[in-house]
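Working notes, structure below.
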Amino acid sequence: MNPTPAFHEPDSPPSALIDTCVHCGFCLPTCPTYVLWGEEMDSPRGRIYLMKAAVEGRVEMTPSFVQHFDRCLGCVACVTACPSGVQYGPLIEKTRAQIEQRYSRSLSDRLFRSALMALVPYPQRLRIVMLPLVVLGGLVRAIGRALMAKAPLEGAPYGDGAGSGVGAGPGDVLQPQPSGEASFRSRVAAVLALSPPVSLLSMLRRIPEHTPAVGESRMKVAVLTGCVQRLSFADVNRATVNVLAAEGCSVSTPGTQGCCGALPLHAGGIEQARRLARHNIDVFEAAGVERIVVNAAGCGSAMKEYKDLLEADPEWAARAHAFSAKVRDVSELLTELGGSVAPRHPIHARVVYHDACHLAHGQGVRSQPRALLQAIPGVELVTPAESEICCGSAGIYNLVQPEPAAQLGARKARNIAALSPDMIATANPGCTLQISAAARILGYNWPVFHPIQLLDASIRGKTLRGARR
């Protein structure tokens, strides 16, 4: 009797993409979970082997099968490393869509994931849930860090030494947890420790829908304001608009825009991602702009994928393709403008630049943010060891898989600490939260900024925390 195929159409991982993998192994040293555990099935080529077996009906969707994909961060560092051009991103997204449609998770796991997808992509709902953080945010994060410091990890406590959570450093090989599902306690600890910083001003203040260019307009653009970004990192959005206007852009921030869909897309909620994509296409088409500017790596990667997400929809395929062609990371857009017109004031600081995975690997944007930072007088820009290895944030990964995420966060923080930085720059809100939390647990207190905040401060002559006098 043949087993029931694990996958089914539509939205099954395409065999044509699966078959481009020649199992050469170049991806192994760049895969965070393979680096942590040394397990073949927790590597890109191992997971692709499982995908192929599922498409061919040779395996069923068992807990063991699912956990190998749950452990994947979806960081797509393997795409950068692959000499055969394997497009792992669409493969893991389609695989996770199949899992969410066909696999029966435990009740607690299902409720936890459903709550995240019902809240995080919807700013109005998220604002209500986050309001207590205005008063209690510092206490909440401290409690979360304390719980994480005491939580059992892979049979050993968080602490110093090889084989133990946060203390595990580069070179340590750790054993994966026996189950792909994290404990309720560890997930709660992660939610608390990683809760974003908010103020009443950041929660309620809105960016003007239209900001004129300073001087002659060079381009008309629209900015995605995001979900968590607009509530917790409103300063990043404000800095983005400031810099674009200073560099000659007429800037629109449509008030009716919604979540880009990155979180559900990367977590298997493909239909939810499509609904969110259709809404944003409608909104940004009406804005009538030349470019759509994004300042969050995961969001930009997802929006550039709208053309693939909606390619089978005859009503939306052409519109999605045109939309994706306009999407630029803010560093791409500033580079595309060709030469700055706004002055730069010095910022004297040793800055570690952390490559957000969905910017460096997902979008191939590496040189542009570095060039913009290096153009600021006084900035000494450095890159940490293992820059290709994910910090452990990865969308909701650090909430649903907090143990390996904490290991990777600690690994990243230790590599950063080796460079004695004054401040950190990274282009994704998840990376900001993850690195900040990992650093505090290890006793560091670096300020973490988006590169656009450094540019804004340089243009306006503003002093940033961590900068040398």
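Listed values, structure above:
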quantity: Selection within the stretch 382-411 - part of a helix (DSSP H, G or I) and in contact with a Pro (Cβ under 7 Å, 6 or more places away or on another chain); calculated: Leu408, Arg411
quantity: Residue in the stretch 351-359 that is part of a helix (DSSP H, G or I) and surrounded by fewer than 23 Cβ atoms within 10 Å (Cβ to Cβ) present; calculated: no
quantity: Any hit, the stretch 10-26, residues being open to solvent by 10 Å² or more (accessible area, probe 1.4 Å) and under 23 Å from Ser183 (Cα atoms); calculated: no
quantity: Pairs with Cβ under 9 Å, 6+ apart, first in the stretch 402-413 and crowded, with 24+ Cβ neighbours inside 10 Å, second at pLDDT 95 or above and charged (D, E, K, R); calculated: Pro404/Arg71; Arg411/Glu386; Lys412/Glu386
quantity: Residue in the stretch 269-278 that is in contact with a strand residue (DSSP E or B) (Cβ under 7 Å, 6 or more places away or on another chain) and either open to solvent by less than 20 Å² (accessible area, probe 1.4 Å) or in a helix (DSSP H, G or I) (or both) present; calculated: no
quantity: Matching residues in the stretch 291-314 - criterion: being more than 17 Å from Gly269 (Cα to Cα), assigned to a helix (DSSP H, G or I) and not basic (Lys, Arg); calculated: Ala297, Gly300
quantity: Scope the stretch 97-112; condition part of a helix (DSSP H, G or I) and open to solvent by 30 Å² or more (accessible area, probe 1.4 Å); matching residues; calculated: Glu100, Gln101, Arg102, Leu107, Ser108, Arg110, Leu111, Phe112
quantity: Within the stretch 307-332, considering residues that are touching a residue at least 40 places away in the same chain (Cβ under 8 Å) and not charged (D, E, K, R), the one farthest from His358 (Cα to Cα); calculated: Ala312
quantity: Yes/no for Leu433 being open to solvent by less than 10 Å² (accessible area, probe 1.4 Å) and either within 20 Å of His266 (Cβ to Cβ) or part of a strand (DSSP E or B) (or both); calculated: no
quantity: Criterion: touching a residue at least 40 places away in the same chain (Cβ under 8 Å), among the small types (Gly, Ala, Ser) and touching a Cys at 6+ places or on another chain (Cβ under 8 Å) - qualifying residue of Ala54, Ala97, Ala81; calculated: Ala81
quantity: Tally of residues being in a loop (DSSP other than H, G, I, E, B), crowded, with 22+ Cβ neighbours inside 10 Å and among the hydrophobic types (A, V, I, L, M, F, W, C) across the stretch 360-380; calculated: 1
quantity: Residues (crowded, with 24+ Cβ neighbours inside 10 Å, out of contact with any Cys (no Cβ under 7 Å at 6 or more places or on another chain), of a type outside the set (Val, Ile, Thr) and in a helix (DSSP H, G or I)) located in the stretch 239-265; calculated: Ala239, Leu244, Leu263, Pro264, Leu265
quantity: Subset of the stretch 56-82 [in a helix (DSSP H, G or I), open to solvent by 50 Å² or more (accessible area, probe 1.4 Å) and under 17 Å from Leu17 (Cα atoms)]; calculated: Thr80
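Yes/no matrix, rows are residues, columns are (1) modelled with pLDDT under 95; (2) more than 30 Å from Pro402 (Cα to Cα); (3) among the acidic types (Asp, Glu):
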{"residue": "Ser164", "(1), (2), (3)": "yes, no, no"}
{"residue": "Gly167", "(1), (2), (3)": "yes, no, no"}
{"residue": "Leu174", "(1), (2), (3)": "yes, no, no"}
{"residue": "Arg185", "(1), (2), (3)": "yes, no, no"}
{"residue": "Leu194", "(1), (2), (3)": "yes, no, no"}
{"residue": "Val198", "(1), (2), (3)": "yes, no, no"}
{"residue": "Ile207", "(1), (2), (3)": "yes, yes, no"}
{"residue": "Thr211", "(1), (2), (3)": "no, yes, no"}
{"residue": "Pro254", "(1), (2), (3)": "no, yes, no"}
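Yes/no matrix, rows are residues, columns are (1) under 22 Å from Glu403 (Cβ atoms); (2) at pLDDT 95 or above; (3) among the β-branched types (Val, Ile, Thr):
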site	(1), (2), (3)
Val55	no, no, yes
Cys72	yes, yes, no
Cys75	yes, yes, no
Cys82	no, yes, no
Gln101	no, no, no
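The values are calculated or read from the model by the stated rules, or taken from the named source; none is laboratory data. This structure is a prediction, so every number in the text was calculated from the model and none was measured. So basically every Cβ, Gly included, is an ideal-geometry build from the backbone, and we count neighbours across all protein chains shown. Ligands, DNA and RNA are excluded from the accessible area calculation, which covers all protein heavy atoms including side chains. Shrake-Rupley method; radii C 1.70, N 1.55, O 1.52, S 1.80 Å.
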